[in-house]
Amino acid sequence: MGTMTAKTLGMIQRRFAEKSAVVQREFSQSESFRDLCRDYLACVTTLARWQDTDSEEGRLRSAEYADLLTELSDEIEARLHASEDEGTETHGP
């Protein structure tokens, strides 16, 4: 696993710690989930950079990226929830 991949997985596992095992499984099995996680990491990084600027553009961009981060987080949460449901159906209660 490359450094960036490990960093991405680690960040998502920390953010969704209560679902760490599901994150690991989805990350290892789904390219689209890995892409979503990479987008999340890129958004976090960019948001931090804009938050460090003291300008009107920085405030506007920070708000945009904060909204995007919420959307990405919600999408990851939905994917994890769906994966948990699939696991329950496959493996029983």
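The values are calculated or read from the model by the stated rules, or taken from the named source; none is laboratory data. These numbers come from a predicted model, not from an experiment. Every residue, glycine among them, receives a Cβ derived from its backbone with ideal geometry; neighbour counts consider all protein chains shown. Quick note on the areas: whole protein, heavy atoms, side chains included, nothing else; ligands and nucleic acids left out. Shrake-Rupley method; radii C 1.70, N 1.55, O 1.52, S 1.80 Å.
Residue count for the range 2-32, restricted to those that are part of a helix (DSSP H, G or I) and within 9 Å of the chain's Cα centre (by Cα): 6.
Being open to solvent by 70 Å² or more (accessible area, probe 1.4 Å) and over 13 Å from the mean Cα position of the chain (by Cα): is that true of Leu60 here? So Leu60 fits the description; yes. The criterion of being acidic (Asp, Glu), surrounded by fewer than 17 Cβ atoms within 10 Å (Cβ to Cβ) and assigned to a helix (DSSP H, G or I) holds for Asp74.
Annotation for the range 53-69: no member residue is of a type in the set (A, V, I, L, M) and in contact (Cβ under 8 Å) with a residue 60 or more places away in the chain.
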